[in-house]
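Take a look at the structure set out below.
The values are calculated or read from the model by the stated rules, or taken from the named source; none is laboratory data. Since we're looking at a predicted model, the values are computed, not measured. Quick reminder, even Gly has a Cβ in these numbers, built from the backbone with ideal geometry, and neighbours come from all protein chains shown.
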Amino acid sequence: MKFTSLVMAAGFAALAAGGVQADGHGGKVKVGMITTLSGGGAGLGLDVRDGFMLAVKGNEAIELVVEDDQRKPEIAVQLADKMIQSEKVDVLTGIIWSNLAMAVVPAATAQGKFYLSPNAGPSALAGKGCNPLYFNVSWQNDAFNEAAGAWSNENGIEKVFLMAPNYPAGQDMIAGFKRTYEGTVTEEVYTKLGQTDYAAEIAQIRASDADTVYFFLPGGMGISFMKQYAGSGVDKNVMGPAFSFDQGILGAIGDAALGVKNTSHWSKDLDVPGNAEFVEAFQAEYDRLPSLYAAQGYDTGLLLASAAAKADVKDADAFRAALAEADFQSVRGKFSFGANQHPVQDIYMREVVKEGDVVTNKSLGVAASDHTDVYGAECSM
């Protein structure tokens with residue numbers, strides 16, 4: 001799938017609640033978006049793409065080229081090379097999966113291209129692998145899990161069964177939870193990326209003396225697990241980062257997810273400037289509720305627009321400085337970049353509830369204030 005969008009109408013700044021329009025200070029910015037638009041993780045990429053496009057709607061300074069990576073690292077690398085060498089893009093964005101990010105980002109920045117991550121946050125790119133041209137606009141992989149571990153300590157969760165796919169993000173998620181959790185980890189299980197049958201893992205959970213299952217299984221993996229778990233009769237509480245309980249996934253899981261606690265930097269009910277307007281605009285544009293992926297894509301678009309209004313992308317130092325200012329109103333509320341150009345932000349605990357016929361999340365409060373990642377100390381920028 002490919003399309004090129006030169007967004008040309010004006011007048012979206014008021015809706016963006018803090019986003020800025022190009023004002024002549026900078027030239028056009030050509031953006032290459034490589035994201036997952038087919039297969040089991042397509043919903044995540046679609047939401048990132050749609051959120052980003054909503055944010056830059058009406059901004060004539062931004063030209064967007066979109067391609068489907070099919071969740072395959074080799075395809076993502078081929079697309080990045082084509083965008084850089086043939087399409088002559090200035091900025092790359094869009095990747096959902098950490099293994100794809102690790103395949104694309106170092107090569108892209110080595111060729112002098114900016115990369116703005118709207119999702120993947122592998123630890124290797126936050127620490128020693130940090131780069132002046134790489135900005136993460138979402139989170140570092142450990143973040144939601146560190147907040148969940150601390151919340152678990154405060155709320156009497158004594159024994160936990162941990163589970164995640166065996167790839168960089170899964171390893172980071174588990175490491176993050178263990179970094180702050182003070183209770184007992186009864187088992188630590190790593191599954192195959194893309195796995196859909198969890199009968200063996202559910203049998204392990206049944207036999208475990210854990211009181212809570214904490215898992216990270218994004219996209220279709222989480223849908224498969226939760227449906228199988230709900231039908232298994234195993235009666236243990238479930239927690240995790242928001243990636244397994246976000247809006248698009250909840251629509252597929254349904255009532256089986258009710259009561260689940262999950263950590264996130266965003267929720268549709270957050271009372272912060274611009275968030276209600278974003279939720280309303282996204283629903284009006286796409287006829288569905290936004291997810292955290294949509295919110296991240298939206299914020300990435302607002303960040304890019306803010307930098308394009310201040311500096312010419314051809315002046316790398318000036319454009320980097322404009323990005324680092326993070327001069328936009330995030331739908332998450334507080335947002336800034338740490339020294340390694342990863343977010344400093346609040347992380348919330350949410351609970352899956354039912355509002356009418358819709359299964360969704362409500363915010364329970366802050367789980368971690370002004371959270372930043374631990375890997376920044378290893379960044380030499």
The correct count of residues that are under 19 Å from Arg49 (Cα atoms), out of contact with any Asp or Glu (no Cβ under 9 Å at 6 or more places or on another chain) and part of a helix (DSSP H, G or I) in the stretch 63-76 is 1
Pairs returned, first residue in the stretch 364-381 that is without any contact (Cβ under 8 Å) to a residue 24 or more places away in the chain, second residue that is assigned to a strand (DSSP E or B) and of a type in the set (A, V, I, L, M, F, W, C), beta-carbon separation under 9 angstrom, 6 or more apart or interchain, are Gly365/Met349; Val366/Ile347; Val366/Met349; Ser369/Ile347
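Among residues belonging to the stretch 263-282 that are in contact with an Asp or Glu (Cβ under 8 Å, 6 or more places away or on another chain) and within 16 Å of Lys362 (Cα to Cα), point out the one that is surrounded by the fewest Cβ atoms within 10 Å (Cβ to Cβ).
Going residue by residue through the stretch 263-282, those that are in contact with an Asp or Glu (Cβ under 8 Å, 6 or more places away or on another chain) are 264-265, 282.
The next check asks that each one be within 16 Å of Lys362 (Cα to Cα); those that pass are 264-265.
Working: Ser264: 25, His265: 29.
Across the stretch 263-282, the extreme among qualifying residues is Ser264.
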**Message:** Any residue at all in the stretch 252-264 that's out of contact with any Leu (no Cβ under 8 Å at 6 or more places or on another chain), of a type in the set (D, E, K, R) and not assigned by TED's automatic domain parsing to the domain that holds His371?
**Reply:** no
Q. Can you spot a residue in the stretch 313-330 that is over 21 Å from Ser244 (Cα atoms), β-branched (Val, Ile, Thr) and assigned to a loop (DSSP other than H, G, I, E, B)?
A. yes
Considering the stretch 115-129, residues that are among the hydrophobic types (A, V, I, L, M, F, W, C) and over 8 Å from the mean Cα position of the chain (by Cα), and then whichever is farthest from Phe335 (Cα to Cα), we arrive at Ala124
ask   = For the stretch 206-213, does any single residue satisfy the condition of being over 24 Å from Phe335 (Cα atoms), at pLDDT below 95 and in a helix (DSSP H, G or I)?
value = no
Screening Lys236, Lys192, Lys178 for residues that are without any contact (Cβ under 8 Å) to a residue 40 or more places away in the chain, within 27 Å of Ala368 (Cα to Cα) and of a type in the set (D, E, K, R) leaves only Lys178
Right, Ala175: part of a helix (DSSP H, G or I), surrounded by fewer than 24 Cβ atoms within 10 Å (Cβ to Cβ) and not acidic (Asp, Glu) or not? yes
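Any residue at all in the stretch 288-296 that's farther than 22 Å from Gly121 by Cα, surrounded by fewer than 24 Cβ atoms within 10 Å (Cβ to Cβ), out of contact with any His (no Cβ under 6 Å at 6 or more places or on another chain) and not assigned by TED's automatic domain parsing to the domain that holds Phe161? Let's see the steps before the verdict.
Taking the stretch 288-296 and keeping what is farther than 22 Å from Gly121 by Cα, we get 288-289.
The next check asks that each one be surrounded by fewer than 24 Cβ atoms within 10 Å (Cβ to Cβ); those that pass are 288-289.
Still in the running and out of contact with any His (no Cβ under 6 Å at 6 or more places or on another chain): 288-289.
From what is left, the residues that are not assigned by TED's automatic domain parsing to the domain that holds Phe161 are 288-289.
Yes; the residues of the stretch 288-296 include at least one that is farther than 22 Å from Gly121 by Cα, surrounded by fewer than 24 Cβ atoms within 10 Å (Cβ to Cβ), out of contact with any His (no Cβ under 6 Å at 6 or more places or on another chain) and not assigned by TED's automatic domain parsing to the domain that holds Phe161.
Table: residues versus (1) under 25 Å from Leu250 (Cα atoms); (2) at pLDDT below 95.
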{"residue": "Gly58", "(1), (2)": "no, yes"}
{"residue": "Ala76", "(1), (2)": "no, no"}
{"residue": "Glu87", "(1), (2)": "no, no"}
{"residue": "Val91", "(1), (2)": "no, no"}
{"residue": "Phe144", "(1), (2)": "yes, no"}
Residue check for Glu146: among the charged types (D, E, K, R) and crowded, with 24+ Cβ neighbours inside 10 Å:
yes
Gly129 meets each of (1) out of contact with any Leu (no Cβ under 8 Å at 6 or more places or on another chain); (2) touching a residue at least 60 places away in the same chain (Cβ under 8 Å); (3) among the small types (Gly, Ala, Ser) with one exception, condition (2)
For the stretch 72-88 the number of residues that are of a type in the set (Asp, Glu) and under 19 Å from Ala42 (Cα atoms) is 1
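Looking only at residues that are part of a strand (DSSP E or B) and among the β-branched types (Val, Ile, Thr) in the stretch 343-381, which one is nearest to Ser330 (Cα to Cα)? Give the derivation first.
Of the stretch 343-381, the ones part of a strand (DSSP E or B) are 343-355, 358-371.
Imposing the further condition that a residue be among the β-branched types (Val, Ile, Thr) reduces the set to 344, 347, 352-353, 358-360, 366.
Details: Val344: 12, Ile347: 14, Val352: 23, Val353: 25, Val358: 26, Val359: 25, Thr360: 21, Val366: 17 Å.
If we take residues in the stretch 343-381 being part of a strand (DSSP E or B) and among the β-branched types (Val, Ile, Thr), then Val344 is nearest to Ser330 (Cα to Cα).
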Does Pro273 satisfy the criteria of being more than 18 Å from the chain's Cα centre (by Cα) and not in a helix (DSSP H, G or I)? yes
Selection over the stretch 1-54 where residues are surrounded by 19 or more Cβ atoms within 10 Å (Cβ to Cβ), modelled with pLDDT of 95 or more and assigned to a loop (DSSP other than H, G, I, E, B) yields a count of 2
Within the stretch 238-278, the residues that are at pLDDT 95 or above and of a type in the set (S, T, N, Q) are Asn262, Thr263, Ser264, Ser267, Asn275
